[in-house]
1. Based only on other Cβ atoms within 10 Å, what is the fewest-to-most ordering of T140, T128?
2. Check I453: other-chain or 5+ apart residues with amide H under 5 Å from its amide H, H built from backbone geometry?
3. Show the residues, 5+ positions off or on another chain, whose built amide H is closer than 5 Å to the amide H of A135.
4. Return the aspartates and glutamates within reach of K164: Cα separation strictly under 17 angstrom, same-chain partners fewer than 8 residues apart disregarded; answer none if there are no such residues.
5. When V72, V134 are ordered from fewest to most other Cβ atoms inside 10 Å of their Cβ, what list results?
6. Using +1 at the Cβ of each Lys and Arg and -1 at the Cβ of each Asp and Glu in region 104-180, identify which of S166, L133, F110 lies farthest towards the dipole's positive end.
7. So, in Å, what gap is there between the alpha-carbon centers of region 375-406 and region 310-364?
8. Given the Cα-Cα distance of R186 and D384 and 0.36 nm per residue of separation, how much length would full extension add, in nm?
Amino acid sequence: MIYTDTRDNNIKVDLKTAVMGGMNEKTGGLYIPVEFPKLDSSLLNKDPSPSFRDIAFNMAKPYVEGEIPDDVLAEIIQDAYPFSPKVVPLDSISYALELFHGPTCAFKDFGARFMARTMSYFNRNESTPLHILVATSGDTGSAVGSAFHNVPGLDVTILYPEGKISPLQEKQLSTFTGNVRALKVRGTFDDCQRLVKTAFTDASLREKLRLSSANSINISRLLPQSFYYMYAALLVRNRAAMDNKIHDPAIIMVVPSGNFGNLTSGLIAKEMGAPIAGFVAATNTNRTIPDWIATGEYNARPSVETFANAMDVGAPSNYERIKAMYTLDQVREQFASYWLNNDGILDAIRSCNTKTGYIMDPHGAIGWQAWDDIRSGAMKNLMDGVKNDFTKPGLTPNIPSWGQKVVEKKAVGVLLETASPAKFGEIVTDAIGKEPPIPARLEEVMRLPDRAIPMENDYNLFKDWLLANL
Ligand SMILES: *Cc1c(COP(=O)(O)O)cnc(C)c1O
């Protein structure tokens, strides 16, 4: 597969360059494949639908062709995914797509584990380790730390702002051993990011250490997230007749979004033939994308803290990819978009629990509320010409191509549940008055000794530490 650049489509690189480079430093653009090959129709039409790993292997194959042999790819998939996504019916036309059955209980495990193994393969002939530096304000760091733990040839240093992340998140970051460690920085998340960025531009450091990043703009995190969209769409299509007697329903993927990596992966799955009619882009108060869809103007802004903190992004990095793939009109045809403030998030967790018995985390809950509003009249109102105010929580005014199907009750919603509610126990308990059950692997991590290394917010001290310890 050839990869090009969102800012210059004359640029052509291979997968290794795209993965090891992360982004194109020269143009500031992001890498995307030049095409999205259709999945083989024997798999698309299979009933019962294929296993997650079968889908993963066959979807990944064209993107690694010529660079990673089939037997190595099979191993990467096997090793990355000892767990699967789960499709759980909430009511006759709504499903939760649970993406939190990996080691860190959030969907980022799917992308990070594939990235780690792909990087390790591309690094296999080097005599020195590749040092990954990550600044994190929460979920990304633990997914990356866990994904790279004990992966040969790779070494990870995570920087997080001391005292500014939840105790559980801190435990998830600071209890690794071996090739992964965490530095607790006396500063903010922005300070952590600055230390990492300065390191990347420090030629004298880079002479001594091979450095790389692992953030969500990397194409090797995006591609594997498309696997679960395909898996869920095929499964739901095949079981819909049984669940709700809708023949060939319009399948709507409802995606709680921050940097819009997850949603971009959904677009890739759709391009590859997944039976997906469209998407709902659900955000918190950081509504840069809903505003763009509503007004046509894109205004990045500083992020605002919310209860769905993994989506506190004011300048979503994958806007760049979405814009390279589609015109604004095409986006408006495919997406409904919807946003909620903190009160709305608490209400949404409560409403889902009351109506279905299911406990959503604060991110997934925004998706639930979006879908529940859309199917209970919000889409019909839009189509009847009722003008809503997009600066208030709710749906943006564009009517997607699948709107009519919702009104005719020929659509089903698949709500991506991006994290276990146990990771946000306090907020969930505030909303529903009871604690969500805690998965054993989260309970275990709370008992491990804290190994975080204190670090001043000072580049020279940070650099000295890297040179002395890596
Ligand atoms: C990262 C994250 C998101 C947002 O995903 P994007 O790909 O950045 O849009 C949503 N929910 C949870 C729990 C996350 O960790």
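We did not get these values from a lab; they are worked out from the coordinates using the rules stated. Everything numeric here is computed off the predicted structure, so don't read it as measured data. Glycine also receives a Cβ, built like all others from the backbone with ideal geometry; neighbour counts cover every protein chain displayed.
1. Details: T140 24, T128 11.
Ascending Cβ contact count within 10 Å gives the list T128, T140.
2. A182, L183, K184
3. The answer is L159.
4. D139, D190, D191, E305, D312, E426, D450, E456
5. On the way: V72 15, V134 25.
Lowest count first: V72, V134.
6. Looking along the dipole axis, the top candidate is F110.
7. 15
8. Working: separation 198, 0.36 × 198 = 71.28 nm, distance 5.43 nm.
Contour length minus the Cα-Cα distance gives 65.9 nm.
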